[in-house]
Every structure is written in C-alpha cells, then in structure tokens.
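The values are calculated or read from the model by the stated rules, or taken from the named source; none is laboratory data. Just so we're clear, the structure is a prediction, and the values are computed from it rather than from any experiment. Cβ atoms come from the backbone with ideal geometry, glycine included; neighbour counts cover every protein chain shown.
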Amino acid sequence: MKRTLTTVLAALSLACSWPSLAQKTASQGIDEYRAMLQDGNPADLFEAKGEGLWTQKRGPKNASLEKCDLGKGPGVYKGAFVELPKYFADTGKVQDLESRLLTCMDTLQGLNVTEIAKTGFGKGEQINMTALATFIAAESKGMKFNLSQAHPSEKTFYEVGKRLFFQRGGPHDFACASCHAEDGKRIRLQDLPNLTKNPGDGVGFAAWPAYRVSNGQMWGMQQRLNDCYRQQRFPYPGFASDATIALGVYLGVNSQGSASIAPAIKR
Ligand code: HEC
C-alpha cells in the first residue's frame, strides 16, 4: 500500500510539472490516478474481517450471523447487496444492508442494536458493522443492481427518497440536488455524479462501501450519506433511519442495471 501511494504521489507531481503530461485533461489524470489506486485496495482487509464476524458466535445469545436473512433466504448473502434496500415482511419495514444487519444482530445474537445505531462511525461495534457491510457488498461485486419496486412501501420509500433528495434547507439552502443533479459537476478533484438518473457502473450507490485513501477509512453507505449531510450543513437523520433508507431506495432504483464495484477505493 505504501508503495502504491508513493507511486501515485510521484505520478501526480509528474502530471503537474511535466508539460507533455500536463496536456492531459484533468479528468484523464483523475482516471489514471484512480486506476493506480485499484492496485492493492485495503478494503480487502475489512472484507476478510467481515467474513470472520459473519461466522463468529457473538452476543448474549452466543450465535453467529450465518442464519441472517438479507432478502434471499436465511444465510444467503451472494447477490443480496444489489437487491437492497427492500421490504422485509418479518419487520414490516424497508431496510438497507446496514439496518438489516442490525435486525440480525438483534434477533440472532441479542446485541443491543439501539446502542450500536447510536455509536459513532469508526467506533466500537460500528467498526464491525462496516466490516460486515464490506463483506456482504463484496459478495455481489460485478452484479447488476436490481431493486424491487413491487411492494407499496418500496414505492413510497422511492417517492420519499426523491423528495428528500430535492429538499433544500440549512444555512446554505442546499439540497442533495444542489451538488448531484447535473452532469459533469466537480468540486476540486472530486466528480459529483448526477444521481437523479442512472450514473452508470460503479458510480454513486454502486461504489459504497468504499475505502477512502484521503483519510484511511472504510466507509459504508450510511457514513457516505452522513458526510454528504455534513456537506449540506444539514443534521444527519441518524444511522439506519427511514430517511437515509429512503434516499438509498431512490439512489438504488436509479442505478437499476448498473454493476456494483463495491467495495471500491476512493480518493
Ligand atoms: C455541497 C455539495 C454536496 C451536497 C449538498 C451533497 N453531496 Fe454527496 N458528494 C459530494 C462530494 C464532494 C462527493 C465526493 C466525495 C469524495 O470523493 O470524497 C459526494 C459523494 C456522494 C456519493 C458517492 C458518489 C460516488 O460515486 O462515489 C453519493 C452517493 C452522494 N454523495 C449522495 C449524496 C446525497 C444523498 C446527498 C443529500 C443528502 C448529498 N450527496 C449531498 C458533495 C455533496
């Protein structure tokens, strides 16, 4: 990893100083930088940790998560990620990957999931949550998003998610749409995908969980949304809250047919 980063930094400074390379467009340069990053994604470590946690007996009930139903039947995790969020009859709720994992940690392992949901990102059980989400997402790598809109609640969540996406507020009067509703927008080196339509394979919803090189952290979708709420100067509605899940349904349905590259590696 260290070598990869050194290579990347060297290439970046070259791109800035060498006239022939400087003629590359910024987005070509960014694409090359991203390609170099793919070499050795630390997300692999989180994926391995998550796989271990899935089979490990934990919590007051001393049970593993191996019977967890992520929507394709107890214990089936392959292909589950690209169909989430979806409606679950046992809880009567539309759930995303992270909220569904909470349900399984509660029912199977007896863990205090209210506490887990309140725990800050990157702390305590939230670290395990990220590892589990990374593992489950990785099991659908390359598969195409195919969210259901058959249940009335799934349709409602899509409509609510869409409204939340366009809802302006906060000190800057920003909505998600202020940054993510036009093609070709960028803040500094970061592309801002247009999330009001299908942004394509491995973009937007189809890239998270992702390892972030800039801060050396692994982030799940909930943490991605949390940070975008921060950019919007808006309070985060809470881990696994209905509002975040509704946004997930909106983004996920818009990504219909696009391939997932999660866990990705990001700047
Ligand atoms: C002030 C601008 C701004 C606002 C408002 C904003 N975002 Fe973002 N968003 C960003 C930036 C910048 C990135 C890229 C971050 C990076 O590369 O580290 C991003 C990345 C994302 C991504 C991942 C894109 C990818 O391909 O990796 C998603 C999904 C996302 N935002 C959703 C949202 C949602 C949903 C909202 C509203 C709750 C929102 N954003 C509000 C600036 C914003």
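Per-structure values
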read-out: Which numbered condition residue 181 misses (of (1) surrounded by fewer than 21 Cβ atoms within 10 Å (Cβ to Cβ); (2) of a type in the set (A, V, I, L, M); (3) in contact with a helix residue (DSSP H, G or I) (Cβ under 6 Å, 6 or more places away or on another chain)); value: (3)
read-out: Matching residues, segment 105-115, being without any contact (Cβ under 8 Å) to a residue 40 or more places away in the chain and in a helix (DSSP H, G or I); value: 106, 107, 113, 114, 115
read-out: Single residue of segment 221-242 satisfying the filter (polar (S, T, N, Q) and outside any helix (DSSP H, G or I)) that is nearest to residue 133 (Cα to Cα); value: 241
read-out: Residue match in segment 168-175 (condition: part of a strand (DSSP E or B), in the same structural domain as residue 247 (by TED's automatic domain parsing) and basic (Lys, Arg)); value: no
read-out: Residue list for segment 68-105, restricted to those being touching a Gly at 6+ places or on another chain (Cβ under 9 Å) and either farther than 23 Å from residue 247 by Cα or among the basic types (Lys, Arg) (or both); value: 68, 72, 86, 100, 105
read-out: Residue match in segment 42-52 (condition: touching a helix residue (DSSP H, G or I) at 6+ places or on another chain (Cβ under 6 Å), modelled with pLDDT of 70 or more and either at positive phi or among the hydroxyl-bearing types (Ser, Thr, Tyr) (or both)); value: no
read-out: Residues located in segment 152-195, provided they are among the aromatic types (Phe, Trp, Tyr), touching a residue at least 24 places away in the same chain (Cβ under 8 Å) and more than 8 Å from the ligand (Cβ to nearest atom); value: 157, 158
read-out: Inter-residue pairs, beta-carbon under 7 Å, first assigned by TED's automatic domain parsing to the domain that holds residue 251 and in segment 76-104, second of a type in the set (Asp, Glu) and not in a strand (DSSP E or B), 6+ apart; value: 77/139; 78/139; 81/139; 84/96; 85/96; 86/154; 87/154; 94/154
read-out: Whichever residue in segment 73-90 is part of a loop (DSSP other than H, G, I, E, B) and surrounded by fewer than 14 Cβ atoms within 10 Å (Cβ to Cβ) and, among such residues, is nearest to the chain's Cα centre (by Cα); value: 78
read-out: Every residue from segment 26-51 that is among the small types (Gly, Ala, Ser) and surrounded by 13 or more Cβ atoms within 10 Å (Cβ to Cβ); value: 29, 40, 43, 48, 50
read-out: Single residue of segment 204-220 satisfying the filter (outside any strand (DSSP E or B) and surrounded by fewer than 18 Cβ atoms within 10 Å (Cβ to Cβ)) that is nearest to the ligand (Cβ to nearest atom); value: 214
